[in-house]
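Accompanying notes for the structure given below.
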Ligand SMILES: C[S@@+](CC[C@H](N)C(=O)[O-])C[C@H]1O[C@@H](n2cnc3c(N)ncnc32)[C@H](O)[C@@H]1O
């Protein structure tokens with residue numbers, strides 16, 4: 001079992017989770033840093049956008065997430081309070097939506113942290129029970145001798161005795177929707193659940209320190225320049241969302257504004273103003289999304305100011321992240337998740353590791369670097385359908401000292417790649433997969449088993465689809481040895497899992 005990460009985020013994000021007020025990815029459990037000089041490098045690259053997500057909950061936790069009517073962190077585009085003092089701002093709904101007490105003043109209206117009022121120790125126990133209820137029947141049906149480990153929470157595990165401080169400030173990706181107010185005002189905040197009504201949020205206790213303020217400042221800059229917010233109901237206006245990603249072990253941040261059309265008045269001035277909000281910002285990008293619906297990101301992205309990506313670090317590796325590539329939201333827990341996956345791979349010198357649904361290449365590259373450090377160099381193949389993720393993954397291999405013979409990345413559909421690999425008899429020792437919430441496909445799983453890897457490590461953000469996929473692998477000659485839940489999204493019902501399977 002992996003230990004809780006001993007690394008601590010730098011400066012303001014360190015040690016005990018910060019005492020501030022209150023994200024996503026997974027499944028339903030029930031089924032400041034320091035200041036630095038701004039980068040002066042310019043970039044103007046284009047990137048393809050992330051894919052739409054099915055719900056607002058995916059918006060922030062998953063790339064290309066959705067927003068509308070969403071709850072926040074776990075949920076949607078989050079946002080901020082109004083930027084000016086107009087009295088009519090959200091006036092009718094605000095009073096109704098406001099919570100009067102509790103760990104977060106907008107907890108009920110926002111709805112992103114539905115479990116915020118439950119002691120963290122109890123949250124972990126609930127998640128553990130949900131995972132037992134979900135996986136135990138399959139384990140018994142298949143006759144597997146598998147262990148369900150204790151859920152790895154932030155700072156403690158399910159069942160640990162004593163008090164467990166409630167996690168705060170763990171979310172390093174945040175977003176806001178915008179909506180028009182009176183007299184050119186631009187509102188920001190979270191969409192109240194199921195509506196396009198903005199709940200103003202001056203701060204958010206689960207987000208990285210300073211994140212919410214940066215998002216609120218985007219609204220202020222738009223007001224100063226007279227750039228109108230987008231009205232989701234009337235389908236008019238320009239500025240729809242802003243998405244912020246902050247580095248955990250770096251003092252870098254990346255701000256992406258999402259606009260309903262490409263042409264935006266005063267866009268250069270806006271980019272300049274946004275780059276000045278916080279010295280950590282190294283990239284300001286524009287994504288264009290004119291489509292109806294609650295997907296935050298559209299297909300076209302261009303860098304307006306700064307570098308084409310920001311950097312962060314995980315498990316001693318450096319990662320470049322571009323505006324629409326997938327990168328995990330809760331970095332502290334990501335290290336635990338990845339460590340568990342790497343342990344489950346049990347790599348040997350010379351192994352071929354296939355990292356499917358690899359995003360920016362992070363899991364495979366951490367594993368390859370880890371193996372190389374232990375004197376067991378491996379060969380890594382990564383597969384991901386988002387070309388922006390693959391471009392990042394190739395750069396990330398270079399950044400971490402892995403040449404093209406040691407790590408190669410292919411931008412394609414994972415199922416197609418696996419089918420071709422099985423047909424051509426590609427040699428693979430270990431398969432790692434980390435699919436989106438819908439899980440993998442029967443064709444992928446069958447082809448993976450045909451490749452005959454010694455181990456399969458399945459990382460899931462939706463155990464309900466994972467349990468279905470594990471049964472398919474079970475019928476293809478693999479047995480589950482160990483399943484470890486990881487709490488990536490405290491205060492929500494979501495749980496991630498790492499399943500380790502061996503060839504029977
Ligand atoms: C949960 S993310 C995991 C990313 C990466 N493993 C990580 O930890 O950062 C799932 C990834 O699968 C990618 N994806 C979704 N459907 C895919 C498909 N059919 N083929 C390949 N990649 C896909 C998404 O673009 C996303 O990057």
Tally the residues that are over 26 Å from residue 331 (Cα atoms) and touching a helix residue (DSSP H, G or I) at 6+ places or on another chain (Cβ under 9 Å), restricting the search to region 140-167. 5
Kindly establish whether residue 353 is buried (at least 22 other Cβ atoms within 10 Å of the Cβ) and outside the structural domain of residue 191 (by TED's automatic domain parsing). yes
Tell me the residue from 322, 360 that is assigned by TED's automatic domain parsing to the domain that holds residue 485 and surrounded by 24 or more Cβ atoms within 10 Å (Cβ to Cβ), please. 360
Against the condition surrounded by fewer than 18 Cβ atoms within 10 Å (Cβ to Cβ), assigned to a loop (DSSP other than H, G, I, E, B) and either within 14 Å of the ligand (Cβ to nearest atom) or modelled with pLDDT under 95 (or both), how does residue 443 come out, does it pass? no
Taking residue 129 and the conditions (1) in contact with a strand residue (DSSP E or B) (Cβ under 8 Å, 6 or more places away or on another chain); (2) modelled with pLDDT of 90 or more; (3) over 21 Å from residue 332 (Cβ atoms), which numbered condition does it fall short on, given that it satisfies the others? (1)
Does residue 269 fit the bill of being in a loop (DSSP other than H, G, I, E, B), assigned by TED's automatic domain parsing to the domain that holds residue 207 and either in contact with a helix residue (DSSP H, G or I) (Cβ under 8 Å, 6 or more places away or on another chain) or surrounded by fewer than 22 Cβ atoms within 10 Å (Cβ to Cβ) (or both)? no
Selection count where residues are within 11 Å of the ligand (Cβ to nearest atom) and in a strand (DSSP E or B), scope region 297-333: 3
Scan region 247-266 residue by residue and report those that are more than 17 Å from residue 175 (Cα to Cα) and touching a helix residue (DSSP H, G or I) at 6+ places or on another chain (Cβ under 9 Å). 249, 251, 264, 265, 266
Going through 201, 179 one at a time, which residue ends up being in contact with a strand residue (DSSP E or B) (Cβ under 7 Å, 6 or more places away or on another chain) and under 22 Å from residue 285 (Cβ atoms)? 179
Please go through region 203-227 and give me each residue that is assigned to a loop (DSSP other than H, G, I, E, B) and touching a helix residue (DSSP H, G or I) at 6+ places or on another chain (Cβ under 7 Å), ordered by number. 203, 204, 208, 209, 226, 227
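The values are calculated or read from the model by the stated rules, or taken from the named source; none is laboratory data. Source: prediction; values computed, not measured. Heads up, the Cβs are rebuilt from the backbone with ideal geometry, glycines too, and the neighbour counts pull from every protein chain shown.
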